Amino acid sequence: MAAPRVFRIRPLWGGFLAAFVVQQLLLPALGADGGSSTAEFDVRPGGMVHSFTRSLGDNSCTFTYAAQGGTNEKWQMSIGVSEDNMLFSCTVWRPQGKSYLFFTQFKADVTKAKIEYSMAYSAAATGSQSDVPLKEEEFQVTETSVSHREGKFRSELSKLMIVARTAHDEL
């Protein structure tokens, strides 16, 4: 298999184009041969800060949040590493598409990798519905994390995607 191509995509490109590039070019290179894992967890309201972490090899992804309203929701975290161990992906989402919880904060951190692409969504795709991306000003991306932007985030989150280039030693 040829080495996967990595594209630097910024949120301002718009959700549709970014999602298309990730789904068609990046994600097929992740998981199938390099390894992947999906786990279910509860997102709990009550205003307290909670975290959920998954690891695959040297890489890990931690989703930290605080939410209000409603009852527990079943969410999933999928992580994957490309066959050549150059890319690490982490996706956190509510499979039912729309969360009814009011998020007061969120942050996803990756270890031993630098983020190449990330997007956050207020609603995840279900059936004939498409993902609904957050506005660029609602979240911020650093080399290793994606988080809400204080005072700009509108408290709706249903999906978060990260594709990161892994740290590796040169020969």
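A few remarks follow.
Yes or no, residue by residue, for (1) of a type outside the set (D, E, K, R); (2) at pLDDT below 95:
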position: Met1; (1), (2): yes, yes
position: Trp13; (1), (2): yes, yes
position: Ala39; (1), (2): yes, no
position: Phe52; (1), (2): yes, no
position: Asp58; (1), (2): no, yes
position: Tyr65; (1), (2): yes, no
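- Residue within region 94-104 that is out of contact with any strand residue (DSSP E or B) (no Cβ under 9 Å at 6 or more places or on another chain), more than 18 Å from Phe63 (Cα to Cα), part of a loop (DSSP other than H, G, I, E, B) and open to solvent by 20 Å² or more (accessible area, probe 1.4 Å) present: no
- Within region 83-93, considering residues that are closer than 16 Å to Glu40 by Cβ and in contact with a Gly (Cβ under 9 Å, 6 or more places away or on another chain), the one least open to solvent (accessible area, probe 1.4 Å): Cys90
- For Ser155, the stated conditions do not hold, so it cannot be described as closer than 22 Å to Asn59 by Cβ and of a type outside the set (Phe, Trp, Tyr).
- In region 114-167, residue most open to solvent (accessible area, probe 1.4 Å) [restricted to those that are basic (Lys, Arg) and either modelled with pLDDT under 95 or in a strand (DSSP E or B) (or both)]: Lys114
- Enumeration of residues in region 63-77 that are open to solvent by 10 Å² or more (accessible area, probe 1.4 Å) and under 15 Å from Ala120 (Cα atoms): Thr64, Gln76
- Gly80 being open to solvent by less than 10 Å² (accessible area, probe 1.4 Å), in contact with a strand residue (DSSP E or B) (Cβ under 6 Å, 6 or more places away or on another chain) and not aromatic (Phe, Trp, Tyr): yes
The values are calculated or read from the model by the stated rules, or taken from the named source; none is laboratory data. Nothing here was measured: the structure is a model prediction, and the numbers come from that model. Every residue, glycine as well, gets a Cβ built from its backbone with ideal geometry; the counts of neighbours run over all protein chains shown. We work out accessible area using only protein heavy atoms, side chains counted, and drop any ligands, DNA or RNA first. Shrake-Rupley method; radii C 1.70, N 1.55, O 1.52, S 1.80 Å.
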